Structures are given as C-alpha cells and as structure tokens.
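Asks: The following block contains the structure, expressed as structure tokens.
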Amino acid sequence: MSKALQAVHKHLLTFQTEQTGFNGSPLQLFERVTKDGAFAWLKPLRETIVAIDQRLTDEQPISEEETKAFANQCRNLLDAKSGSFRDGLNAAYQSHPEAILAVATARKSIEAIK
C-alpha cells in the first residue's frame, strides 16, 4: 500500500512542480514541498505514507486491525468528495493521466485489505 501511495505522490508532485514552474535541485524541491503553500494540498498524502512506513519499521509486527485502519485512512483520502487534496487530485487528472493510473493501482492495493 505504501509503495502504491508513493507512486501516486510522485505523479502528483510532478504535476505540482510543473504548475509552479519549479526547476531546482532535489534539496530545493524538498524545501518547497514542506514550506510552500502551493504544495500544501499534498501534505495529507505525504503524512499517510510516512505514518505507514514508520509503523512498518517498528519491531512489533503490524496488526490486522492497524492495517485495516491505514487502509481506511487511505480510502478516505482518495475518495474525499471535497477539500484541497481532492481539488489538487482533480487538477492533476486533467494534465497527468498517469496520476489516474497510479491512483487506480493504489486503490487496488487498498481494496485488497478487507
């Protein structure tokens, strides 16, 4: 699920960097992503990926209940009807069809968790 969400994030980040005309180093991009309001709509996705990855590094195995909770969190994010993430996602869909495919792949991995 995390890998699929990372692919979504990559496509959405590419979209947003094109929208802002950003053309800097990876370090400068990191700075922009974390501090520039134009990238703020990506924060919920980024935080979800980080939370999943951090939990997976714990010594304690992740429980089925936790896995389902992460899946629900992802569903809620990707299926939101409104909000800044939804607005950004819809805009990305218009010029980046790869984002649509990445989201579809992420949905499949999420739906595999029942």
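Asks: Would you be able to say whether some residue in segment 46-59 is over 20 Å from Lys108 (Cβ atoms), among the polar types (S, T, N, Q), without any contact (Cβ under 8 Å) to a residue 60 or more places away in the chain and assigned to a helix (DSSP H, G or I)?
Replies: There is at least one residue in segment 46-59 that is over 20 Å from Lys108 (Cβ atoms), among the polar types (S, T, N, Q), without any contact (Cβ under 8 Å) to a residue 60 or more places away in the chain and assigned to a helix (DSSP H, G or I).
Asks: Still on this model: For segment 76-88, state whether one or more residues are assigned to a loop (DSSP other than H, G, I, E, B), of a type outside the set (Val, Ile, Thr) and surrounded by 12 or more Cβ atoms within 10 Å (Cβ to Cβ).
Replies: Taking segment 76-88 first, the residues assigned to a loop (DSSP other than H, G, I, E, B) are 79-83.
Add one more test, that the residue is of a type outside the set (Val, Ile, Thr), and what stays is 79-83.
Applying the additional criterion that residues be surrounded by 12 or more Cβ atoms within 10 Å (Cβ to Cβ) yields 80, 83.
Yes, segment 76-88 contains at least one residue that is assigned to a loop (DSSP other than H, G, I, E, B), of a type outside the set (Val, Ile, Thr) and surrounded by 12 or more Cβ atoms within 10 Å (Cβ to Cβ).
Asks: Pull up segment 41-58, narrow it to residues that are touching a helix residue (DSSP H, G or I) at 6+ places or on another chain (Cβ under 9 Å) and open to solvent by 60 Å² or more (accessible area, probe 1.4 Å), then point me to the one that is farthest from Ile100 (Cα to Cα). Before you say what the answer is, go through the steps one by one.
Replies: Within segment 41-58, the first condition is being touching a helix residue (DSSP H, G or I) at 6+ places or on another chain (Cβ under 9 Å), and the residues that meet it are 41-46, 48-49, 51-53, 55-56.
Going one step further and asking which of them are open to solvent by 60 Å² or more (accessible area, probe 1.4 Å), we end up with 43, 56.
Working: Lys43: 19, Leu56: 27 Å.
Per the criteria, the residue is Leu56.
Asks: Could you tell me which numbered condition Ala91 fails, if it satisfies all but one of (1) without any contact (Cβ under 8 Å) to a residue 60 or more places away in the chain; (2) small (Gly, Ala, Ser); (3) open to solvent by 40 Å² or more (accessible area, probe 1.4 Å)?
Replies: (1)
Asks: More than 21 Å from Ala7 (Cβ to Cβ), open to solvent by less than 60 Å² (accessible area, probe 1.4 Å) and either part of a helix (DSSP H, G or I) or in contact with a strand residue (DSSP E or B) (Cβ under 9 Å, 6 or more places away or on another chain) (or both), is that true of Ala38? Please lay out each step first, then the result.
Replies: Values: more than 21 Å from Ala7 (Cβ to Cβ): yes; open to solvent by less than 60 Å² (accessible area, probe 1.4 Å): yes; either part of a helix (DSSP H, G or I) or in contact with a strand residue (DSSP E or B) (Cβ under 9 Å, 6 or more places away or on another chain) (or both): yes.
Against the criterion (more than 21 Å from Ala7 (Cβ to Cβ), open to solvent by less than 60 Å² (accessible area, probe 1.4 Å) and either part of a helix (DSSP H, G or I) or in contact with a strand residue (DSSP E or B) (Cβ under 9 Å, 6 or more places away or on another chain) (or both)), Ala38 qualifies.
Asks: Let me ask something additional. Report yes if Ser109 is free of Cβ contacts under 8 Å to residues at least 60 places away in the same chain and under 15 Å from the mean Cα position of the chain (by Cα), otherwise no.
Replies: Values: free of Cβ contacts under 8 Å to residues at least 60 places away in the same chain: no; under 15 Å from the mean Cα position of the chain (by Cα): yes.
Against the criterion (free of Cβ contacts under 8 Å to residues at least 60 places away in the same chain and under 15 Å from the mean Cα position of the chain (by Cα)), Ser109 does not qualify.
Asks: While we're on this one: Which residues, counting only those in segment 18-35, are in contact with a Lys or Arg (Cβ under 8 Å, 6 or more places away or on another chain) and either polar (S, T, N, Q) or open to solvent by 50 Å² or more (accessible area, probe 1.4 Å) (or both)? Spell out how you get there, then give the answer.
Replies: We begin by selecting, within segment 18-35, every residue in contact with a Lys or Arg (Cβ under 8 Å, 6 or more places away or on another chain); these are 20, 22, 24, 33.
Within segment 18-35, Thr20 is the sole residue that qualifies.
The values are calculated or read from the model by the stated rules, or taken from the named source; none is laboratory data. For clarity, every value in this text was computed on a predicted model and none was experimentally measured. Every residue, glycine among them, receives a Cβ derived from its backbone with ideal geometry; neighbour counts consider all protein chains shown. For accessibility, only protein heavy atoms count, side chains too; no ligands or nucleic acids. Shrake-Rupley method; radii C 1.70, N 1.55, O 1.52, S 1.80 Å.
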